[in-house]
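One structure is given here, and the rest of the page talks about it.
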Amino acid sequence: MMKILLTSILLCFATIGMLEAQQPGNFHVDNGNLAGSFADGTRNDWEETVIIRAPAPGQIKKVFIYLTGTVAKKDTIWIVGDPTDGPTFPPSIFCRYINSYAGFIIDYTGQQGWHELDVEYLNLKSGGINSIGVQHLIKPGGPYFGVDTKAQAQNNVTSFLADVFRPNPQFYNLRGTIASATPGSYMAGVQIEYDNVDSEGKPLPAPNPTLIDVTIEAGLVDNAGNPIKSAIASVADWNNDGLDDIAIAGGHFFKNNRNGTFTNVSSSINVSNSGTIWGDIDNDGYLDFFAVRGWDNDKIYFGNGDGTFTEDTDPTVVMNAPTVSPMWIDYDMDGLLDLFIAYGRKEEGGTETFYPDQLFRNLGNRKFENVTVKAGIAAGEPAPYYDCWGASITDYNDDGLPDIFVATYRLAPDLLYRNNGNGTFTEVGASTGARGVATYSPQYFGHGMGSDWGDYDNDGDLDLVVGNLGHPDERALSSNRSLLLENKINENNKFEDVTEKSRLQFYEMNAGAAWLDIDNDGYLDLVHCQYAYYAKDAGKAKNTRFYRNLGADYLHQLEDNTWQWGAYIHGAWSPVRIDYNRDGKMDILVASSNDYVKLFKNNVAQNSNYINFKVKGKADSTVNSSGYGSKITVDIGSKQFHRFLPGSVLNARASQSSNDLHFGLGDAENIVSVVVRFSDGHELTFDDLLVNKTYSIDYEGNIDLIPQSGGTSVSENIANRHVSIYPNPVTGNSTIEYNVSYAGNVNLSIYDMSGIEIMSLKNEFTESGNHLVNLNGKDLPNGAYVLRYTTNNVIYSHKFIVAN
């Protein structure tokens, strides 16, 4: 971010005389009184910019700019974005290739007056907290932007004059960093069709928030009752009660109370850290976590099953390096979670040192082996290495093997490691286009701050959003803005840059990002944080943006709904998904060290349906107990939705989202089928699940219902609706009752708890209806068993006990 102060410009008007100019349009930044212009000939090739922010959102139909000067000639007026979001500094010509909506050639007649630009065809939305800019370069003889008579307020500067091509000796000799606020505002306005108006056509004020800040009432405060400032946070269900708990960097841990509130349990866990990443490392059924501390201080803590943790760190995974983002991934598909760590850089005496990322294979018994070289990770990041921040795990080619993506900082290419399925990776960022898009300097890419993967266009594969910090001055020529890369791997083995088409906005301080269906309409929306180098109220707010996916009819464009939903947080880095109250509406935890960590309760999705899942693997198999490597497909007849859980879901620096696989269903009330694919290829299919429920599914096909916060029941075994055994425990003769929805082959078998079939009761064509089978418990030794019923490719499991 530019650390340049706007100074008052020396007045040197070619005075026209103060006159009133009739203002066209329905919103203006000027007062309608023309004072003059910068027409003395000393500012040729300077850039004039005016930022227009209407009081409420709407579609910009026309833009108006007042031009002065006495020479008839052509001029090009540009309609641009406001990347510094305030503004705090004008965008420059150097970022125009990623920041402009359109350019208009004006035939200026030499007569001062208003000029109208018809922009309706752009479908340009602005207003509320969003702005557009109007700018041009001053050429010899003009024309010039007219300036009004009212002095600009220090806290509401709209108009700037920039010596855009002169290197700034006070700021690394960068061009585009010398600018001043003009004495008055440039004369500019718009004709805007507001989204919501009163009976007189005036814009309505902002509605009541529907993404509601419930941080304090939910109890996410420190011991003094104050909200917590931190750029890093994670969510995980560490006590296995079906509701996600919250860990905030700095050693803050909060247990979900199942009633919409949390209890601060930091003192009982008592682990200092700058981030925690969670997974069941030893497959004992209890979540463990990696505590980021860096520089020979990283620790691994194992869950004891009672809400406490024991430190047991293999020295192999502790490196003398600045740890940034660890991730749990079962890359070799052996059922044990391996560890990938993205490292950063240090700066000492003006010299930067970068540290290579590492991959550690889980050997079992809480031991690891460094396989960075052997697995091909080292080959993808050659010396002098990269500064890495926003790493994430994906299955970008849907081959069932988890891949690794690393968003790099310092303009390096992003890295995409394809899992080859034989314990090795191949870096394919360049060949697939995942490394970023071309800039004017071919060797430079972006400043990656976060990333996330989601099927935003509902075509069945994972698309990639990368949060890139990018400056609006000369550095823009060598730096990617935030990118939305649509997955075209199945078509041409490439990612397609659809950033402009999607309307994802360019902001200088873009950081972490998270896909989630906020309104449950069946399309993934996007939360994109915007970082800051100063505290809230110390400057213009750098607001996190909440984008709504407009769906297939609008080419999946992203519309900024921050103002409409009322969710404001300044200077945040990390957004993570969490349904903290289990009401089926995904809530959002956003971490900011400049404002505070905020929990936004989702009241947006009031009239849409959903279905939500937690998946569990099988500890004694090649499927890890956390269910990493799973995919769920939900078919509602008219369309299918796909969600993936390839590993730890990171959205920014050491910030982990919920493992929930959540599906907004729009107005769909019936589900045709749900297919669960585990990491070993094992699939379960269900044809009768209900909407507006959250289910827990395990590898053996057992499904439990997870109630909302405050619910009295712990679980409801869905299999009981299809197969049951009574009495249970079995003490002699018992009856198995099962229901066949559609005539077809039925298999009814009994398995022991190790998964070995020990008795087949039925395997034949069966008509629809209820059926009974007798079981003599004397035929089985005492112990626990699973009754597995398969019909029409659907598996139902029911546990029972034999106690003769």
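The values are calculated or read from the model by the stated rules, or taken from the named source; none is laboratory data. Bear in mind that the values here come from a model prediction, so they are computed numbers and not experimental data. No Cβ is skipped: glycine too gets one built from the backbone with ideal geometry, and neighbour counts run over all protein chains shown.
Please count how many residues of the range 501-550 are aromatic (Phe, Trp, Tyr) and in contact with a helix residue (DSSP H, G or I) (Cβ under 7 Å, 6 or more places away or on another chain). Number satisfying all stated conditions: 2.
The residue pairs whose first member lies in the range 103-122 and is in contact (Cβ under 8 Å) with a residue 40 or more places away in the chain, whose second member is of a type in the set (S, T, N, Q), and whose beta carbons are closer than 7 Å, counting only pairs six or more residues apart or on different chains, are GLY110/THR70; GLN112/THR68. SER715 falls short on exactly one of the conditions (1) under 30 Å from the mean Cα position of the chain (by Cα); (2) modelled with pLDDT under 85, and that condition is (1).
Here the range 63-95 is the region considered, the condition is being modelled with pLDDT of 95 or more, out of contact with any Asp or Glu (no Cβ under 7 Å at 6 or more places or on another chain) and farther than 19 Å from ARG43 by Cβ, and the residue that is surrounded by the fewest Cβ atoms within 10 Å (Cβ to Cβ) is ALA72. Pairs are defined by a Cβ separation below 7 Å, a sequence spacing of at least 6 or placement on different chains, a first member in the range 237-261 that is touching a residue at least 40 places away in the same chain (Cβ under 8 Å) and aromatic (Phe, Trp, Tyr), and a second member that is part of a strand (DSSP E or B) and buried (at least 17 other Cβ atoms within 10 Å of the Cβ); the pairs so defined are TRP238/ASP245; TRP238/TRP278; TRP238/GLY303.
When the range 605-643 is limited to residues that are in contact with a Lys or Arg (Cβ under 7 Å, 6 or more places away or on another chain) and of a type in the set (A, V, I, L, M), the one that is nearest to TYR331 (Cα to Cα) turns out to be ILE632.
Within the set THR7, THR49, the sole residue that is within 19 Å of GLY86 (Cβ to Cβ) and modelled with pLDDT under 90 turns out to be THR7. ASP752 falls short on exactly one of the conditions (1) buried (at least 17 other Cβ atoms within 10 Å of the Cβ); (2) in contact with a Phe, Trp or Tyr (Cβ under 7 Å, 6 or more places away or on another chain); (3) at pLDDT below 90, and that condition is (1).
Scan the range 23-43 and give yes if some residue there is more than 30 Å from TYR121 (Cβ to Cβ) and charged (D, E, K, R), otherwise no. Yes, the conditions are met somewhere in the range 23-43.
For the range 136-174, the set of residues classified as among the basic types (Lys, Arg) and buried (at least 20 other Cβ atoms within 10 Å of the Cβ) is empty. Scanning the range 745-786 for residues that are farther than 15 Å from THR735 by Cα, in contact (Cβ under 8 Å) with a residue 40 or more places away in the chain and assigned to a loop (DSSP other than H, G, I, E, B) yields SER754, GLY755. Determine if the range 46-55 includes at least one residue that is assigned to a strand (DSSP E or B), polar (S, T, N, Q) and within 18 Å of ASP163 (Cα to Cα). Within the range 46-55, one or more residues are assigned to a strand (DSSP E or B), polar (S, T, N, Q) and within 18 Å of ASP163 (Cα to Cα). Counted as qualifying within the range 119-234 are the strands (runs of 3 or more DSSP E) with 1 or more residues that are farther than 30 Å from SER272 by Cα and aromatic (Phe, Trp, Tyr), namely 159-162, 184-186, 188-194.
Taken over the range 276-299, the criterion of being in contact with a Ser or Thr (Cβ under 7 Å, 6 or more places away or on another chain) and assigned to a loop (DSSP other than H, G, I, E, B) is satisfied by ASP280, ASN283, GLY285, VAL292, ARG293, GLY294, ASP298. Of the set (1) assigned by the TED database to the domain that holds SER392; (2) in contact (Cβ under 8 Å) with a residue 24 or more places away in the chain, all apply to ASP587 but (2).
For the range 467-502, taking the residues that are assigned to a strand (DSSP E or B) and among the acidic types (Asp, Glu), the one that is farthest from PHE546 (Cα to Cα) is identified as GLU496.
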